[in-house]
Amino acid sequence: MNTAPAVILFAHGARDPRWAEPVLALAQRLRQTLPEAYVQPAFLEFLSPSLPEAVEAALARGHRRVALVPVFIAVGGHLREDLPQLLACVRSAHPDVSIEVLPALGEAEAVRRAMADTVLEWIAEGA
């Protein structure tokens, strides 16, 4: 059993695979910082892997703790309705796995500051 957590970055997904590039870059940065953890994006729709597939991959690597990070700017219907339904299925299939759902990434004050700072930089640069 691997005692390091699996970190699953749960994002919406899109038909255009280029949409996932920022999520994949975030995953890569986390992998560099947390080499002992399994870091994997998962998508609600259109892209792979799905959340159940990402959890299965973590389990195959021996992880029994999952930190699920919603890569959403805010909590809306997908996090209020779709995610709990997906989690209920995953938890019923794997009752021995601990899944901690972290807040939506966009609700973190540091993320809001970073977004505001980026907008201010763009404006200052005449973008």
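The values are calculated or read from the model by the stated rules, or taken from the named source; none is laboratory data. It should be emphasised that the depicted structure is a prediction, and the values quoted were computed from it without experimental measurement. Cβ sites come from the backbone with ideal geometry, for glycine too, and all protein chains shown count toward neighbours.
Restricting Leu59, Leu44 to residues that are under 13 Å from the mean Cα position of the chain (by Cα) and surrounded by 15 or more Cβ atoms within 10 Å (Cβ to Cβ) narrows the list to Leu44. Restricted to the range 1-41, and to residues there that are under 25 Å from Cys89 (Cα atoms) and of a type in the set (Ser, Thr, Tyr), the residue that is farthest from the chain's Cα centre (by Cα) is Thr3.
Give the residue that is farthest from Ala20 (Cα to Cα), with candidates limited to residues of the range 59-117 that are in a strand (DSSP E or B) and among the β-branched types (Val, Ile, Thr). Reasoning before the result, please.
Residues of the range 59-117 that are in a strand (DSSP E or B), as a first pass: 63, 65-70, 98-101.
Then keep just the ones that are among the β-branched types (Val, Ile, Thr); that gives 66, 69, 99, 101.
Values: Val66: 21, Val69: 15, Ile99: 23, Val101: 21 Å.
By that ranking, first place goes to Ile99.
The residue that is modelled with the lowest pLDDT, among those in the range 1-26 that are in a strand (DSSP E or B) and not aliphatic (A, V, I, L, M), is Asn2. Within the range 68-89, work out how many residues are in contact (Cβ under 8 Å) with a residue 24 or more places away in the chain and more than 19 Å from Gly13 (Cα to Cα). Residues that pass the stated criteria total 1.
Out of all the residues in the range 27-39, is one or more surrounded by fewer than 17 Cβ atoms within 10 Å (Cβ to Cβ), at pLDDT below 95 and acidic (Asp, Glu)? Scanning the range 27-39 turns up at least one residue that is surrounded by fewer than 17 Cβ atoms within 10 Å (Cβ to Cβ), at pLDDT below 95 and acidic (Asp, Glu).
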